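Comments concern the structure below.
We did not get these values from a lab; they are worked out from the coordinates using the rules stated. Small disclaimer: the values here were computed from a predicted structure and weren't measured. Cβ atoms come from the backbone with ideal geometry, glycine included; neighbour counts cover every protein chain shown.
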Amino acid sequence: MARALDYLYILATVLFTVYGQLILKWRIEQLGPLPASGMAKIKFLVLLPFDPAIFSGFAAAYLASLTWMAAMSKFELSHAYPFMSLNFVIVILFSGWLFHEPISAQKIFGIGMIVVGTIVAARG
């Protein structure tokens, strides 16, 4: 049972990472594209971290790094790291659902390959 609970560190890392990516995309879409001019571009980028939602994305990335360090204390890197590929799977699925981004047959095939690869690598 204790070993199964250790996987919660990996799961938390994946979930924090996915949250960070999705929240950043959502908020950036609301704020609009990067301005073209130099000073406007710099102002836009400097102010982004002060947006509460974007800040929460950065906080999630920090929490992901902490849970990853905890996972590293419990697993070999070669065992734990393949699970990080699930970030791609979850982000693609949620991007299609939340942002209406297209999910092509190629992406579905790729997602399937990632899941199979993760299973093979994690067992190996």
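Values computed for the structure shown
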{"quantity": "Length released on extending from Val115 to Glu76, taking residue separation times 0.36 nm less the Cα-Cα span", "calculated": "12.1 nm"}
{"quantity": "Selected from Val89, Val14, Val46 as most flexible by GNM, with the chain as the system and alpha-carbon contacts under 10 Å", "calculated": "Val46"}
{"quantity": "Two-site FRET efficiency, Arg123 against Leu93, from Cβ-Cβ distance with R₀ of 25 Å, rounded to 0.05", "calculated": "0.60"}
{"quantity": "Folded to 0 to 90 degrees: helix 86-98 orientation relative to the chain principal axis, Cα", "calculated": "50 degrees"}
{"quantity": "Within straight-line cross-link reach of Lys41, lysines at Cα separation under 28 Å, skipping those fewer than 8 residues along the same chain", "calculated": "Lys25"}
{"quantity": "Correct option for mean projected area of the Cα convex hull in nm² [calculated from the coordinates] among (i) 9.5; (ii) 8.9; (iii) 7.7", "calculated": "(i)"}
{"quantity": "Theoretical ellipticity at 222 nm over the chain - DSSP helices of four or more residues, -39500 (n - 2.57) apiece, nearest 500", "calculated": "-26000 deg cm²/dmol"}
